[in-house]
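All remarks here apply to the structure that follows.
The values are calculated or read from the model by the stated rules, or taken from the named source; none is laboratory data. Bear in mind the structure is a predicted one, so any value in this text is a computation, not a measurement. Ideal geometry is used to build each Cβ from the backbone, glycine not excepted, and the neighbour counts take in all protein chains shown.
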Amino acid sequence: MSDRYGHDVVVVGLGYVGLPLAQAAAAAGMRVAGLDTDASVVASLSLGRSHVDDLSDDDVGAMLAAGFTPTTDASVVADASTVVICVPTPLGSEGGPDLGAVVGATRSLATHLRRGTLVVLESTTYPGTTDEVVRPILEAGGLVAGRDFNLAFSPERVDPGNPVYGIVNTPKVVGGHTPACTDAAAAFYGKVVDTVVPTRGTREAETAKLLENTYRHINIALVNEMARFCHDLDIDLWEVIAAASTKPFGFQAFHPGPGVGGHCIPIDPNYLSHNVRTRLGYPFRFVELAQEVNASMPAYVVRRVQDALNHDAKALHGSRVLVLGVTYKADIADQRESPAVPLARGLLEQGADVVFHDPHVTRWDEVGADVPRVADADLEDAVAEADAVVLLQRHRSYDVDRLAGLSQRFLDTRGSATPRPHVERL
Ligand SMILES: NC(=O)c1ccc[n+]([C@@H]2O[C@H](COP(=O)([O-])OP(=O)(O)OC[C@H]3O[C@@H](n4cnc5c(N)ncnc54)[C@H](O)[C@@H]3O)[C@@H](O)[C@H]2O)c1
C-alpha cells in the first residue's frame with residue numbers, strides 16, 4: 001500500500017457487516033480505521049469489546065494490536081486509500097427505503113475526500129443508489145467519480161453465525177462506476193477475499209444482492225404457504241421437503257417457520273419492489289405476495305397454539321405459553337425484525353400468560369415487562385409447567401426432543417421435534 005496514506009482502508013459503520021470487514025482487512029495486513037457515529041460503539045471497541053456475534057473480544061483485541069483505530073472523527077477519511085460504507089439501510093415509516101445513514105455517512109466523508117481515493121458502498125440498497133445518491137454528494141466538492149476518485153458498489157453477503165462461509169471464502173461481487181473503478185475495487189477486495197466477481201456496473205452489483213435476498217424471501221413464502229395446507233391435509237411437509245431434497249439437481253430446500261426476520265430478508269426485497277413501483281408504476285408481484293404470506297405467519301402460529309390448547313379443553317386466554325428462542329435466527333443474539341415479537345404480541349392480545357427463554361437474550365426489550373424471561377436453570381420446570389410451549393428458534397443448546405417430552409403441548413415451528421400425540425410440527 002502507498003505510504004501517502006495513513007490508513008489503507010476506513011470502514012464506515014462498525015456493525016455486523018463493517019466490523020468483520022475491518023477484521024478481514026486487518027488480517028490481510030492493512031492499516032485499518034473504523035468510523036462510526038455511535039460513540040458508545042467506538043468506546044467499547046477501543047476497550048477491546050465486541051458487540052457483534054461473529055467476533056469475540058479476543059478478535060477485537062487482535063485487531064487493536066494490529067493497529068485498528070476505531071473513531072468518531074470523519075477526518076480519518078482524508079488520509080485513507082479506500083473508504084467502505086457499511087451503514088444501515090432500514091425501511092422508513094411508510095415502508096420505503098430509508099437512506100438517511102447512507103446519505104449522512106457519504107456527506108461526512110465527502111468533506112474529507114481526496115483525489116485518488118476509492119469509495120465503495122456495501123450497504124444493501126435499491127439499484128441506482130451508488131450513481132444517483134452517493135455520487136452527487138461525493139462530487140459536490142468538485143472531484144469527479146471515475147476521473148478524480150474511484151467509486152463502486154460491492155454487496156455484503158455476511159451470514160452471521162455461519163461456521164463455514166465468512167468474508168474471505170465468500171465470492172465478492174464488485175461493480176464500478178467505470179471499468180477502471182471496477183478494477184480499483186477488485187484490486188482492493190482481491191487482497192481480502194479469495195474470489196472477486198466483477199459486474200458491468202454498480203446497478204448490476206446492487207441488483208444481484210437484491211435478487212439473492214428476494215429469492216430467499218419468495219422461496220420461504222412458498223413453503224410457508226404450503227405449511228398451512230399440508231397441515232390441513234395431514235401431510236408432513238418436513239418429510240415432503242426432505243424427499244424433494246434428494247433430487248440432485250434443480251431443487252434447493254427451503255423450510256417453513258414462524259415468519260422471516262433479520263436485517264435482510266424482510267427488508268431488502270421491499271427496496272426493490274418500492275423502487276420498481278415508484279419508477280415504473282407497476283408492482284413486483286412476487287415480492288408483494290411473499291411479503292404478505294411471510295408477514296402472516298406469526299398470526300398463523302398463534303392460531304396453531306390456540307388449536308393445540310383446544311385439544312386439552314383450554315382457552316388461550318389465561319393459559320401459560322412459553323416461547324423458546326426469540327432471536328431471528330439460531331445461535332446468534334440478533335433480534336432485529338424477529339417474528340417472535342408480533343407472535344408474542346398476538347398471544348398477549350388473546351389474553352395468554354406469555355413467558356420466554358432464549359440463551360442469547362437476557363432482556364427482550366421489544367415486548368417489555370409483559371413477557372418475563374425464564375432463568376436458564378428453571379427451563380425444564382418452565383417447559384413442564386406451561387400449558388403450551390412454542391419453539392421459534394432451534395438454538396444449538398436446546399435438546400428439542402427432551403424439552404418436547406417434558407411439555408404438555410409442544411409446537412415446533414422448525415421441524416426438528418419427533419412428532420408425538422402432544423408434539424406437533426408447523
Ligand atoms: N447484518 C447482516 O447480516 C447483513 C448482511 C448483508 C448485508 N447487510 C447490509 O449491510 C448494511 C449494514 O448492516 P449492519 O447489519 O452491519 O448494520 P448495524 O446496525 O449492525 O451497523 C451499522 C453501524 O453503522 C453505524 N452508523 C449509522 N449511521 C452512520 C453514519 N452516518 N456514519 C457512520 N456510522 C454510522 C451505526 O452506529 C452502526 O454501528 C445494511 O445495508 C444491511 O442491509 C447486512
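None of G116, G146, G142 is without any contact (Cβ under 8 Å) to a residue 12 or more places away in the chain and at positive phi except G142.
Based on this model, can you work out whether G48 counts as under 24 Å from N169 (Cβ atoms) and touching a residue at least 12 places away in the same chain (Cβ under 8 Å)?
Judged against the criteria, G48 is not a match.
Report yes if some residue within region 3-10 is over 22 Å from C181 (Cα atoms), β-branched (V, I, T) and either within 16 Å of the ligand (Cβ to nearest atom) or not assigned by TED's automatic domain parsing to the domain that holds A145 (or both); otherwise report no.
Of region 3-10, the ones over 22 Å from C181 (Cα atoms) are none.
No, every residue in region 3-10 fails to be over 22 Å from C181 (Cα atoms), β-branched (V, I, T) and either within 16 Å of the ligand (Cβ to nearest atom) or not assigned by TED's automatic domain parsing to the domain that holds A145 (or both).
Of the residues making up region 120-151, those that are touching a Cys at 6+ places or on another chain (Cβ under 8 Å) and over 18 Å from S108 (Cα atoms) are T124, G146.
Only one of the listed residues (V374, V400) is under 24 Å from G261 (Cα atoms), at pLDDT 95 or above and out of contact with any helix residue (DSSP H, G or I) (no Cβ under 9 Å at 6 or more places or on another chain). That residue is V400.
Among the residues of region 197-248, those identified as in contact (Cβ under 8 Å) with a residue 24 or more places away in the chain and not in a helix (DSSP H, G or I) are V197, P198, T199, R200, G201, D236. Looking across V302, V260, one residue alone is closer than 22 Å to P339 by Cα and at pLDDT 95 or above. It is V302. Scanning region 259-314 for residues that are aliphatic (A, V, I, L, M) and assigned to a loop (DSSP other than H, G, I, E, B) turns up V260, I265, I267, A313.
If you go through region 181-239 and keep only what is of a type in the set (D, E) and touching a Phe, Trp or Tyr at 6+ places or on another chain (Cβ under 8 Å), you end up with just E206. Within region 261-311, restricting attention to residues that are of a type in the set (V, I, T) and over 19 Å from T125 (Cα atoms), the residue that is farthest from the ligand (Cβ to nearest atom) is V305.
In contact with a Gly (Cβ under 8 Å, 6 or more places away or on another chain) and in a loop (DSSP other than H, G, I, E, B): is that true of H317 in this structure? If you could, list the steps in order and put the result at the bottom.
Details: in contact with a Gly (Cβ under 8 Å, 6 or more places away or on another chain): yes; in a loop (DSSP other than H, G, I, E, B): yes.
Criteria met by H317.
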